[in-house]
Amino acid sequence: MKTKRIACLGLFIALAFVLSYVEFLLPLNIGIPGAKVGLANLVVMVALYTLGKKDAALLSFVRVVLVGLTFGNLAMLLYSLAGAILSFLAMLIAKRTKLFSITGVSVLGGVFHNVGQIIVAMLVLETGSLLYYLPFLIVIGTISGVVIGLLSGMITARVGRLFDIK
Amino acid sequence: MKRFKIISAVIILALIALILAVQYRGKSDVSVNNGSNKELSKYTINFLDVFDTSTDITGFATSKEEFDKEANLIKEKLTYYNNLYDIYNEYDGLSNIKTINDNAGVQPVKVSSDIIDMLEFGKDMYELTDGKVNIAMGSVLKIWHDYREAGLDSPETASVPALFDLQEAAKHCNINDLIIDKDKSTVYLQDANMSLDVGSIAKGYAVQRVLEYCKANGMNNILFSVGGNIAGLGARADGDNFKIAIQNPDLESSNPYIEKVEISDGQCVVSSGDYQRFYEVDGKRYCHIINPDTLFPAEGFAGVSVITDDSAKADALSTALFNMSIEEGQAFVEKLDGVEAMWVYHDGTKEYSKNFKDSVIE
Amino acid sequence: MKKNDFYLIIGILIATAIVVIFSNIITRKDTAGAVAVVTIDGSEYGRFPLDRDVTERIEHSDGAYNVLSIHDGICEITEASCRDQICVHHMSVQYNGQTIVCLPNKLVVTIENSNNDDIDGATH
């Protein structure tokens, strides 16, 4: 099943890349730096629930680096990477506990993505004033987490079997 | 389950509204975003150590520490020029203007090129203003300075210097007796009774030099206000021009500012007025700007403000214009490129040079 | 969605709300409103809120004094021992960054945390 796995992973990365591009084209312009809906997280969620944690981690990492190098700069790459790592760890732990459905996991992912980004931004810019934006980002992360979670729940239920290589 | 969901949804929405409302209200309005996601805040420090006046440095920086670092460098530089151009105090191991004055008629004094350049600029300004700005007029200004100090100390016995004394002193104000030897880096006053008073140009000259120093060292978005001399480097953090208020010469007026102007990168505003430093004799005000022709304080205006792109020039020109009639002044400004002026009379009416109003806001 | 998901979301929001409310209460204490900060020769002498009317006689070590008066949200020097009286003649201040300076007494009054009047500097 190795070939299928690699093909699936490639497909997922391409999809995540496209969704990142869509998000790049339609930035959520509400005057808050780093605020994102996190459409690409949809793919990471689906991958986490179908391909497993190792592939999902790889997918998440490759996506961030690709998008960062293509559309952003080094600083942006750094922020996204921190957000992605923190968010992935949070989702992994949440999933392990089996306390939450896919929506709860997604909410944690969304919230921690923004928290990670802002922490790195604060360290890089050496300013605490960004802390002011954190509550907004948590709220946005929660809302987008719910939406992404519900969507990825539906997708996993309907097409998950196709990718299910386990 | 359905009820639980609805209640939860309501609670969630309420919490979101609460967070947004509380946090939005707490937003401070001093922070501005300069577009690169780097938060810049406005800082100001004030100090009283240089040029016998109050200095404000306003800057935009990401942190107080960063701003303080720059402000301290600026203060250091201003102090350096202050000591160099001081005519009243001596400093250990430093030859300044006072050293030159003390050696008038005795010997040439070896001084830093920063003094030579400033004095040469003073000579240029003498030429440009046809003698209305004369740094060699120390002997006359000293008399007025002493009378003013005495008058301020005991207002009851305040008096005006005798014209005869002033005329005697005025015999020792020839700018050509100021001998500058650039090769040897020396300055010599060949008339033993003469002295330099660089009050009309030194402050503006120092501000201009410090501004150039800041620019060379990559600083930006800084506004200097050294007494009446204001000079800006770059713009505000939001990209707008610096907005400068010109003080109303009528200090009792309920309207603190007589005009508001904006200055673009590198421009400066300098005001000279009879409200800045003066004393009174029998209810009549005698200000610190002395007209070289009459040897008495100029009385035509309450204040003159100049906008141009060189702080040193602006300082000299505002003094010169204060000493001219309005007709002379208008013609003089007309001749110069990139210089605009505003004259304020004692009754509060204003006159402008041709394009001054381009800078006025509101 | 499980019940736990709702608890999680509510939990996150409650935690955020608590932090936000507390941080606002704490920071409001020192940004409560405009203050006139008085410094003498560079060191801080005192902070006077503009919303509280007060008349303070500031004594200097050499017997000199300045009288600071705050009323109707504005701050001014009403009396001073200095000879030039420039600080007394100086206009009252109320906007962010405005200053009153008494050079002879090395006294500076600066307004902080007030509204901006959109002026970056003023000639003296």
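The values are calculated or read from the model by the stated rules, or taken from the named source; none is laboratory data. None of the values given here were measured: they were computed from a predicted structure. Positions of Cβ are generated from backbone atoms using ideal geometry, with glycine treated the same way; all protein chains shown enter the neighbour counts. Surface accessibility is based on the protein's heavy atoms, side chains included, excluding ligands, DNA and RNA. Shrake-Rupley method; radii C 1.70, N 1.55, O 1.52, S 1.80 Å.
So here's what we get for this one:
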read-out	value
Number of the condition not met by C:GLU112 [criteria: (1) touching a His at 6+ places or on another chain (Cβ under 8 Å); (2) of a type in the set (D, E, K, R); (3) in contact (Cβ under 8 Å) with a residue 60 or more places away in the chain]	(1)
Evaluation of B:LYS132 against (1) in contact with a Pro (Cβ under 9 Å, 6 or more places away or on another chain); (2) open to solvent by 40 Å² or more (accessible area, probe 1.4 Å) (one fails), failing number	(2)
Considering residues of segment A:35-79 that are surrounded by fewer than 22 Cβ atoms within 10 Å (Cβ to Cβ) and of a type in the set (Gly, Ala, Ser) only, the residue modelled with the lowest pLDDT	A:ALA35
Checklist (1) part of a loop (DSSP other than H, G, I, E, B); (2) open to solvent by 50 Å² or more (accessible area, probe 1.4 Å) applied to C:GLU79, failing item	(1)
Evaluation of C:ILE12 against (1) under 30 Å from A:VAL115 (Cα atoms); (2) not in a helix (DSSP H, G or I) (one fails), failing number	(2)
Residue identified as more than 8 Å from chain C (Cβ to nearest Cβ) and without any contact (Cβ under 8 Å) to a residue 12 or more places away in the chain among B:ASN255, B:ASN241	B:ASN255
Counted residues, segment C:1-23 - those being more than 7 Å from chain A (Cβ to nearest Cβ) and open to solvent by 10 Å² or more (accessible area, probe 1.4 Å)	12
Residue within segment B:317-335 that is assigned to a strand (DSSP E or B) and within 12 Å of chain C (Cβ to nearest Cβ) present	no
Given (1) open to solvent by 30 Å² or more (accessible area, probe 1.4 Å); (2) more than 29 Å from B:PHE278 (Cα to Cα), number of the condition B:GLY199 does not satisfy	(2)
Segments classed as helices (runs of 4 or more DSSP H), wholly inside segment B:1-111, with at least 1 members that are at pLDDT below 85, more than 11 Å from chain C (Cβ to nearest Cβ) and within 27 Å of the chain's Cα centre (by Cα)	B:64-84
